[in-house]
Amino acid sequence: MKIHAASVVLMAAVLAGCTAPRFEPPAPLPVRSALPPQPDDAFVSIESALLDAHGAGTSGFELLDRNEDGLRWRLALLDSARHSIDAQYYLWYGDASGLLMVRRLLDAADRGVKVRLLLDDINALLRDAGTIKLRDQGIALLESHPNIEIRLFNPWSRRGLAGRADEALRDMKRLNQRMHHKQLIVDNRAAIIGGRNIGDEYLGLSDKFNFHDLDVLGVGPVARMASAVFDTFWNSDWVMPASAIVAEVTAAAAERAGADMMARLTTEESLQGFALEPQDWTREIEALARRLHAGTGELLTDVPAAGGIAHEMRQAINALASSAQRELLIVNAYIIPVDETIERMRDLGSRGVRIRILTNSLASHDVPAVNSHYKQRRLDILAAGAELYEVRPDAAIQALVSDTPPVRARFMGLHSKAMVIDGERAYIGSMNFDPRSAAINTEMGVAIESAGLADELARLIERDMEPANSWQLRLNDAGKVIWVSDEETLERQPARSWWQRVQDAFFMLFPKDLY
């Protein structure tokens, strides 16, 4: 899900009142680094075996293709943590999955685990996905635990709805800069990195719609690389401690909130497949060790810099794509290609590189505004020699990858961001191929040298491109785009409703650089 500057501006124009104070960075905070890995953590034997078998610098990787696995392995890491948990997220909703993970964080903190939570302040810990009601009280409740520390990226200085809207209008350039990172690191030994935020639609628990998304679980040196990224943001001038922003809560209020959370979790029908109490994951971790793909990882990230953000991801992704010699497979939920990207496709095609791209159709989109600008480049993409596929909202794989039992959503959308280069290298991360990701938001991902992992990811992308799951875009005899699946051939872009088509037309009026 993407948050748009246009929406904030329109809201601010309606609600603007008194003048908002300008954001003032806090006094310098003490520099803190991730705790070093300890010899007694739950994943130490896996790293030791990788070192013995493959040498120094080797990590083990597992793709998390199914939303159910995305939630289950996050819970496994939280339950297995013995020393530290570092979590960095753009969105963390206060819905069923978000509260379940909050419960596990609290359980870990009760065991003595040191927890650092770094959240973008755009809508951290909302009551429900899709609302804009702030949950400062929830943040304060977590912060009240002696083993939990929370920092907020680029926070609003005014906390109420009207105050936020007014401040957004008056300081839009700063407030438009958001932290789009998504990573969870446990004991500086295991990490989950990728595209999933913490919320029901990202983890298969929404009955309205669920995303098809992708993460990678890494064990070994890749976790220390992820920790270095976390520390860079944690210690930057872009963050404030939550304690400096939100009001303290009483012990009685914290106790009531804990009881309310458990009452809600016990009535959530979507959580039937998940225990509410922490579990022993020893057997699952032992099985994981036998499945991991050995390889080396490189963390790619934008970084806080003096007076702003150094946007390094665009160049890193372009270099990866341009290195292809035979084949380039791309899956990305939000694509608005610039001329430079089209030229790169032509150049790769002229060198004999086969390019296949999977993205959202209007019918599977949660953000029609992106489609409004992407659709104008479909012909250019095809003319550059790339094969183009768009996800179906009724994809046959929905029950397998998108919905987490017992949930069955109305439709499936795409949220993955990944590449496979020459069947040997893989990239999984948070970055969309649009102007916002390239030049406004902060992004991160991991490039992995592992033929085994790359082969598995390629097979998953090819599965998603099958005609039961996606439309292939082709040109008819008149040179017009058509959509071909195993059931039909369409001459008009597919949509779920007439309202989607209205939105698609309306957002063409706005600059593409907003998205």
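The values are calculated or read from the model by the stated rules, or taken from the named source; none is laboratory data. Just so we're clear, the structure is a prediction, and the values are computed from it rather than from any experiment. Positions of Cβ are backbone-derived with ideal geometry, glycine not excepted, and every protein chain shown enters the neighbour counts.
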Scanning region 294-321 residue by residue, those more than 22 Å from the chain's Cα centre (by Cα) and at pLDDT 95 or above turn out to be 294, 295
For region 419-515, which fully contained helices (runs of 4 or more DSSP H) count at least 2 residues that are polar (S, T, N, Q) and either over 23 Å from residue 402 (Cα atoms) or in contact (Cβ under 8 Å) with a residue 40 or more places away in the chain (or both)? 498-506
Any residue that is touching a Gly at 6+ places or on another chain (Cβ under 6 Å) and within 18 Å of residue 494 (Cα to Cα) - is there at least one of those in region 386-398? no
Just checking, how many residues over region 331-343 are over 14 Å from residue 382 (Cβ atoms) and surrounded by 19 or more Cβ atoms within 10 Å (Cβ to Cβ)? 5
Looking at (1) of a type outside the set (Gly, Ala, Ser); (2) modelled with pLDDT under 95; (3) assigned to a loop (DSSP other than H, G, I, E, B), which one does residue 325 not meet, given that it meets all the others? (2)
Across region 486-504, what is the number of residues that are under 27 Å from the mean Cα position of the chain (by Cα) and under 18 Å from residue 396 (Cβ atoms)? 2
Residues satisfying the stated conditions in region 221-235, i.e. more than 27 Å from residue 332 (Cβ to Cβ) and either part of a loop (DSSP other than H, G, I, E, B) or touching a Pro at 6+ places or on another chain (Cβ under 7 Å) (or both): 235
Being touching a helix residue (DSSP H, G or I) at 6+ places or on another chain (Cβ under 7 Å) and either closer than 20 Å to residue 491 by Cα or not aromatic (Phe, Trp, Tyr) (or both) is the filter here; which residues of region 327-344 pass it? 328, 329, 331, 335, 336, 337, 342, 344
Single condition residue 230 does not satisfy, out of (1) surrounded by fewer than 19 Cβ atoms within 10 Å (Cβ to Cβ); (2) within 17 Å of residue 443 (Cα to Cα): (1)
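To keep it simple, each residue is scored yes or no on (1) out of contact with any strand residue (DSSP E or B) (no Cβ under 6 Å at 6 or more places or on another chain); (2) more than 30 Å from residue 295 (Cα to Cα); (3) buried (at least 16 other Cβ atoms within 10 Å of the Cβ).
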{"site": "412", "(1), (2), (3)": "no, yes, yes"}
{"site": "426", "(1), (2), (3)": "no, no, yes"}
{"site": "429", "(1), (2), (3)": "no, no, yes"}
{"site": "433", "(1), (2), (3)": "no, no, yes"}
{"site": "447", "(1), (2), (3)": "no, no, yes"}
{"site": "461", "(1), (2), (3)": "no, no, yes"}
{"site": "465", "(1), (2), (3)": "no, no, yes"}
{"site": "493", "(1), (2), (3)": "yes, yes, yes"}
Report, ordered by the first and then the second residue, all pairs with beta carbons closer than 8 Å, sequence separation of six or more or different chains, a first member in region 389-414 that is closer than 23 Å to residue 379 by Cα, and a second member that is modelled with pLDDT under 95 and among the polar types (S, T, N, Q). none
Would you confirm whether or not region 287-303 contains a residue that is within 14 Å of residue 427 (Cα to Cα), aliphatic (A, V, I, L, M) and touching a residue at least 12 places away in the same chain (Cβ under 8 Å)? yes
Here is a list: 383, 324. Which entry is surrounded by fewer than 18 Cβ atoms within 10 Å (Cβ to Cβ) and of a type outside the set (Val, Ile, Thr)? 383
Kindly indicate whether any position in region 59-71 is closer than 16 Å to residue 147 by Cβ, in contact (Cβ under 8 Å) with a residue 60 or more places away in the chain and outside any loop (DSSP other than H, G, I, E, B). no
Tally time: how many residues in region 72-120 are in a loop (DSSP other than H, G, I, E, B) and touching a His at 6+ places or on another chain (Cβ under 6 Å)? 1
